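To start, the structure itself, in structure tokens.
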Amino acid sequence: MSIRVLKSSATKTHLRLPRCERAREREKMRLIVHNMLSCNIRGVVNKFPLRIEPEKVIVKEVDFNPDFLKHMIAKIDWKALVDGARSMGYPELPDHPPTTLESDESFLRKFHHSLLELNLEEGSLVCPETGRKFSVNKGIPNMLLHEDEV
Amino acid sequence: MKLKQLEGLLGDLEQFSNPKVELEQYPTGPHIASRMLFTAENSYGDITDKVVADFGCGCGTLSAAAALLDAASVIGFDIDPQSLETATLNAEELEVEIDFVQCDITKLELKGQIVNTVVMNPPFGTRKKGADMEFLSAAMKVASDAVYSLHKTSTREHIKRAALRDFNAKSAEVLCELRYDLPKLYKFHKRKEVDIAVDLWRFEPRQN
């Protein structure tokens with residue numbers, strides 16, 4: 001698995017790569033999306049979370065928004081996020097969020113990094129029950145089903 | 001950001017190069033897109049710092065508008081890989097973050113309460129009958145706060161009834177009536193341009 005780090009908007013305008021290169025830098029799937037996706041094959045019961053098999057991960061910095069992150073803590077499936085981050089090469093996120101958030105910036109930074117800065121560019125999302133792989137190409141997961149899965 | 005500025009930025013986006021008639025691929029013009037998202041944020045606070053999903057995002061016009069209005073996270077869903085490629089390039093040009101998922105909206109199973117707002121310009125159901133209702137049903141299952149959608153004015157009563165009775169809507173309101181000017185995109189279009197009356201709807205789902 002390869003991992004690359006990209007800096008955020010401050011440097012963007014100075015490092016203007018050719019358009020085709022830039023498009024590739026942009027493409028990604030982040031764990032905020034992974035936290036919503038489940039297997040939609042007919043009849044499957046154990047459909048979430050999808051296991052991540054990464055081939056290419058990019059770390060891309062985005063602006064830190066602590067208020068948004070605090071709102072998100074209750075809405076996220078925490079285990080899916082921790083496991084997803086770990087599978088993408090980031091094991092720092094604690095197994096449970098802390099009980100008091102107010103002064104814990106270091107935790108919020110790890111949460112921010114896991115949820116919004118780890119980008120799966122190439123790989124698969126695997127159904128926990130059937131093992132069916134949904135491929136991720138150029139950062140876009142393909143959740144389209146075959147005829148017999150509908 | 002001012003409305004005019006938003007409209008200007010959206011006007012620069014690339015649109016469908018080979019639109020697929022069976023998917024009812026029509027670009028959402030910058031005039032409608034900017035007003036739709038501007039209203040969603042200024043009147044209801046449904047965009048800035050929220051998680052916004054764009055169902056049937058096509059080339060990503062509504063997604064781009066949401067991102068430009070500082071949504072915390074924008075996710076565009078579409079079935080067509082070529083559109084998603086164009087949408088990715090558009091996001092790149094505007095230097096905004098948008099995640100994309102390729103899927104059939106009507107078969108999608110999204111878990112949890114992460115999405116606050118769904119915005120969409122769904123198919124009207126002229127090619128695949130009932131497509132507009134399928135999109136609305138899907139959106140109402142996913143959004144925790146609000147759904148903004150465009151539907152033909154001629155379907156107004158039908159939509160209102162279905163939303164309130166079948167799709168778990170607490171409220172269903174037409175925010176305004178717009179003229180959607182469709183350029184001659186497909187061979188079967190006889191007139192050079194045609195104006196369709198569409199309603200901009202806001203639906204609020206009941207809390208589960």
(request) Looking only at region A:53-67, count how many residues are more than 15 Å from A:Lys110 (Cβ to Cβ) and either out of contact with any strand residue (DSSP E or B) (no Cβ under 6 Å at 6 or more places or on another chain) or of a type in the set (S, T, N, Q) (or both). (result) 2
(request) State which residue is surrounded by the most Cβ atoms within 10 Å (Cβ to Cβ) when the search covers only region B:28-85 and only residues that are within 14 Å of chain A (Cβ to nearest Cβ), outside any helix (DSSP H, G or I) and polar (S, T, N, Q). (result) B:Ser73
(message) So, in region A:123-150, how many residues would count as being in a strand (DSSP E or B) and in contact (Cβ under 8 Å) with a residue 60 or more places away in the chain?
(response) 9
(message) Only one of B:Thr106, B:Thr61, B:Thr117 is more than 20 Å from B:Glu204 (Cβ to Cβ), under 12 Å from the mean Cα position of the chain (by Cα) and not aliphatic (A, V, I, L, M). Can you tell me which?
(response) B:Thr61
(message) So, in region B:86-107, how many residues would count as being closer than 21 Å to B:Lys141 by Cα and surrounded by fewer than 20 Cβ atoms within 10 Å (Cβ to Cβ)?
(response) 3
(message) I need the full set of residues from region B:17-46 which are hydrophobic (A, V, I, L, M, F, W, C) and over 13 Å from the mean Cα position of the chain (by Cα), in order please.
(response) B:Val21, B:Leu23, B:Phe38
(message) For the condition modelled with pLDDT of 95 or more, within 25 Å of B:Ser144 (Cβ to Cβ), surrounded by 19 or more Cβ atoms within 10 Å (Cβ to Cβ) and touching a Leu at 6+ places or on another chain (Cβ under 6 Å), what is the one hit in A:Leu93, A:Leu116, A:Leu125?
(response) A:Leu125
(request) Please tell me if B:Ser154 is surrounded by fewer than 24 Cβ atoms within 10 Å (Cβ to Cβ), in contact (Cβ under 8 Å) with a residue 40 or more places away in the chain, away from chain A (no Cβ under 12 Å) and not in a loop (DSSP other than H, G, I, E, B). (result) yes
(message) For the condition under 19 Å from the mean Cα position of the chain (by Cα) and among the charged types (D, E, K, R), what is the one hit in B:Lys160, B:Lys111, B:Lys170?
(response) B:Lys160
(request) Say whether the condition of being part of a helix (DSSP H, G or I), surrounded by 18 or more Cβ atoms within 10 Å (Cβ to Cβ) and either modelled with pLDDT under 90 or among the charged types (D, E, K, R) (or both) is met by at least one residue in region A:29-45. (result) no
(request) Please tell me if B:Lys128 is surrounded by fewer than 23 Cβ atoms within 10 Å (Cβ to Cβ) and either under 14 Å from the mean Cα position of the chain (by Cα) or among the aromatic types (Phe, Trp, Tyr) (or both). (result) no
(message) Can you pull out every residue in region B:86-113 that is out of contact with any strand residue (DSSP E or B) (no Cβ under 9 Å at 6 or more places or on another chain) and within 9 Å of chain A (Cβ to nearest Cβ)?
(response) B:Leu89, B:Glu92, B:Glu93, B:Glu95, B:Asp104, B:Lys107, B:Gly112, B:Gln113
(message) Among the residues of region B:115-125, are any within 14 Å of another protein chain (Cβ to nearest Cβ) and among the hydrophobic types (A, V, I, L, M, F, W, C)?
(response) yes
(request) Considering every residue within region B:158-167, establish whether at least one is away from chain A (no Cβ under 14 Å), crowded, with 17+ Cβ neighbours inside 10 Å, in a strand (DSSP E or B) and free of Cβ contacts under 8 Å to residues at least 40 places away in the same chain. (result) no
(request) Only residues that are within 14 Å of chain B (Cβ to nearest Cβ) and either assigned to a loop (DSSP other than H, G, I, E, B) or over 20 Å from B:Ile114 (Cβ atoms) (or both): list them for region A:66-110, please. (result) A:Ala74, A:Lys75, A:Ile76, A:Asp77
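The values are calculated or read from the model by the stated rules, or taken from the named source; none is laboratory data. From a predicted model like this one, the values you see are computed outputs, not experimental measurements. Glycine also receives a Cβ, built like all others from the backbone with ideal geometry; neighbour counts cover every protein chain displayed.
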